[in-house]
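A.B. asks: Can you keep this structure in mind? I'll have questions shortly.
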Amino acid sequence: MKNSRRKFIKFAGMAALGWSICPSLAGARSGPRQSADRLRAERWAMVIDSEKLNDELMDKCIEACHKLHNVPDIPNDQNIKWIWKEPFYNLFHDQSHGYLKDKKSIPFLSLCNHCDNPPCVRVCPTQATFSRDDGIVLMDFHRCIGCRFCMAGCPYGSRSFNYFNPRNFLDDDQLVHDYPTREMGVVEKCEFCAHLLDQGDMPACVEASEGAILFGDLNDPNSDVRKVLRERYSLVRKPKLGTDPQVYYLI
Amino acid sequence: MYDANKIIPGLIIFALFMTFPFWYNLGAEAYSTPELELPEDYERCIESTEFMRAEHMNMLDEWRDLYVREGYQEYWSELKQESYPMSLTKTCMYCHSDKEEFCDRCHNATAVDPYCWDCHIEP
Ligand code: SF4
Ligand code: SF4
Ligand code: SF4
């Protein structure tokens, strides 16, 4: 009798210990899982090939992104944009001069650079903007209070503020149901399609670009992005500011 | 008692004031659980009805952080032995596709006004 009680207490003690170390031993339970298809990287980066991009392709990329994310087109200077066309001279004005041949007024694609040292993350008081482990600077629209510190902090103008309810400018029949719209008073920007990557798909603009935009892991020396950066001349925007942008432009 | 002519009416007014919700609602209809329109093609939700009734808002709150911030995509349901996307629109409203006959009925009856659908699109 005594012996068996002693055994029982011992066993219960060990079980409690085991349980506290590894609760899943108590049997599988309902809960969150990461997708088996999730694309992983140490550091995601984008390379935009200016030789391959043309006007039509750029429009395709912009449309793919804005359609997927329910980004409205507002016909005034309070428009929302995640990815848009900008002349070379505006993007790289600190790396060009007035007599630059050809390239000066050629449009390029511009989007959030998912900086390694992002000022937008540092100034956001609610952590609505945050850096993921894989380098993506992501927004949690639920948390954004619309203070716009991040817009003041971002030196690239990558962010847009919702001055209006965006649904007023979106066609109800054209809405993509799998992605929410935003509400008035919230900031938004490109998110490197983080949620597509999480489910195993490449970003929409990359898919639409017919090979003109590369996307991959910068920490993997054999990745497409590293290969092409080794082989060709490339620029990043405003490198002197120390934000360490991760969208590279092949010139 | 000093000032009884002030204190006693004061106490009466206080008592009336404090019990205002009780006598104001006298004769009002008792709360009855709203009739919900349940999806026809599915027998059970991803968790038990009792759990979902009490906890769906906490569950959705957890889901949004896990999905948006932590990179989780799926919810494994022990009850159904199946994985579901952690998504209001892709999972919950895939079955409960009529917001007015499901979500709104309880929310209206209990006078809560969730702002999920300010952004998330109802089917
Ligand atoms: S480009 Fe602007 S918004 Fe994007 S990570 Fe850098 S600072 Fe932030
Ligand atoms: S506007 Fe939103 S994302 Fe930007 S700093 Fe304020 S809370 Fe953060
Ligand atoms: S990476 Fe995704 S969110 Fe960013 S511009 Fe491309 S399609 Fe839009």
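A.B. asks: What accessible area, in Å² to the nearest ten, does a 1.4 Å probe give for A:Val71?
C.D. replies: A:Val71 has an accessible surface of roughly 10 Å² with all protein chains in place.
A.B. asks: Can you give the FRET efficiency to the nearest 0.05 for B:Asp98 and B:Met1, using r as the Cβ-Cβ distance and R₀ = 56 Å?
C.D. replies: After rounding, the FRET efficiency stands at 0.30.
A.B. asks: Roughly speaking, what % of Cα-Cα pairs in segment A:179-251 are separated by over 20 Å, rounded to a whole number?
C.D. replies: Result for the distance tail: 45 percent.
A.B. asks: Over chain A, calculate the relative contact order: mean separation of alpha carbon pairs under 8 Å at least 6 apart, over the residue count, as a percent.
C.D. replies: Averaging sequence separation for qualifying contacts and normalising by length gives 30 percent for chain A.
A.B. asks: A further question follows. With every protein chain in place, what's the accessible area of A:Arg143 (1.4 Å probe, Å², nearest 10)?
C.D. replies: 90
A.B. asks: Dipole magnitude of segment A:43-250 about its Cα centre, charges +1 at Lys/Arg Cβ and -1 at Asp/Glu Cβ only, in debye to the nearest 20?
C.D. replies: Here the size comes out at about 980 debye.
A.B. asks: Would you mind computing Rg(Cα) / (2.2 N^0.38 Å) for segment B:43-123, counting N as its residues?
C.D. replies: 1.09
A.B. asks: Compute the angle between helix A:55-68 and the longest alpha-carbon principal axis of chain A, please, reported from 0 to 90 degrees and rounded to the nearest 10.
C.D. replies: Relative to chain A, helix A:55-68 is tipped by roughly 30 degrees.
A.B. asks: May I pose another question? Using a 1.4 Å probe and counting only protein heavy atoms, how much accessible surface gets buried when B and A come together, both sides summed, in Å² to the nearest 100?
C.D. replies: Buried: approximately 2500 Å² between A and B.
A.B. asks: With each label point set 7 Å from Cα along the Cα-Cβ vector, what nm distance links A:Ala152 and B:Trp76?
C.D. replies: Each label point lies 7 Å from its Cα, and together they span 4.7 nm.
A.B. asks: Which one, A:Gln174, A:Ala204, A:Gln127, is farthest towards the positive end of the dipole of the protein assembly as shown when Lys and Arg carry +1 and Asp and Glu -1 on their Cβ?
C.D. replies: A:Gln127
A.B. asks: Which of the residues in segment B:72-114 lose at least 40 Å² of accessible area when you go from the chain alone to all protein chains together (probe 1.4 Å)?
C.D. replies: B:Tyr72, B:Gln73, B:Glu74, B:Trp76, B:Glu78, B:Lys90
A.B. asks: Pull up the cross-link candidates among the aspartates and glutamates for A:Lys52, meaning alpha carbon to alpha carbon under 15 Å and not fewer than 8 places away within one chain.
C.D. replies: A:Glu207, A:Glu210
A.B. asks: Calculate one ³J(HN,Hα) per residue across segment B:63-69 by plugging θ = phi - 60° into the Karplus curve 6.51 cos²θ - 1.76 cosθ + 1.60, and present them in order as whole Hz with x for glycine and proline.
C.D. replies: So the Karplus estimates, Gly and Pro as x, are 4, 5, 5, 5, 6, 6, 9 Hz.
A.B. asks: Taking every eigenvalue of the Cα gyration tensor of segment A:43-250, multiplying by 5 and rooting it, what semi-axes result, largest first, whole Å?
C.D. replies: Ellipsoid half-lengths, sorted descending, are 26, 19, 19 Å.
A.B. asks: So what's the gap between the Cα centers of segment A:197-215 and segment A:130-168, to the nearest angstrom?
C.D. replies: Distance between centres, Cα-based: 22 Å.
A.B. asks: Could you tell me how many degrees, from 0 to 90 and to the nearest 10, lie between the Cα long axis of helix B:4-18 and the main elongation axis, the longest principal axis, of the Cα atoms of chain B?
C.D. replies: 20
A.B. asks: Follow-up. Please enumerate, by chain and number, the lysines with C-alpha under 26 Å from the C-alpha of A:Lys10, excluding those fewer than 8 residues away in the same chain.
C.D. replies: Reachable lysines: A:Lys2.
A.B. asks: Follow-up. Quick one: accessible surface of A:Lys101, probe radius 1.4 Å, all protein chains present, in square angstrom to the nearest 10.
C.D. replies: Rounded to the nearest 10, that gives 150 Å².
A.B. asks: What is the percent carbon and sulfur in the accessible area of segment A:115-251, measuring with a 1.4 Å probe over the protein chains and ignoring ligands?
C.D. replies: Ligands and nucleic acids excluded, carbon and sulfur reach 48 percent.
A.B. asks: Still on this structure, I have one more. Anyone know which of B:Pro34, B:Pro21, B:Pro85 comes out most mobile in the 10 Å Cα GNM of chain B?
C.D. replies: In the Gaussian network model the winner is B:Pro21.
A.B. asks: How large is Rg/Rh for the protein assembly as shown, to two decimals, with Cα atoms and a Kirkwood Rh?
C.D. replies: Checking Rg against Rh, the ratio lands at 1.12.
The values are calculated or read from the model by the stated rules, or taken from the named source; none is laboratory data. These numbers come from a predicted model, not from an experiment. Virtual Cβ from ideal backbone geometry, glycine too; neighbours counted across all protein chains shown. Remember, those area values only see protein heavy atoms, side chains included, never the ligands or the DNA or RNA. Shrake-Rupley method; radii C 1.70, N 1.55, O 1.52, S 1.80 Å.
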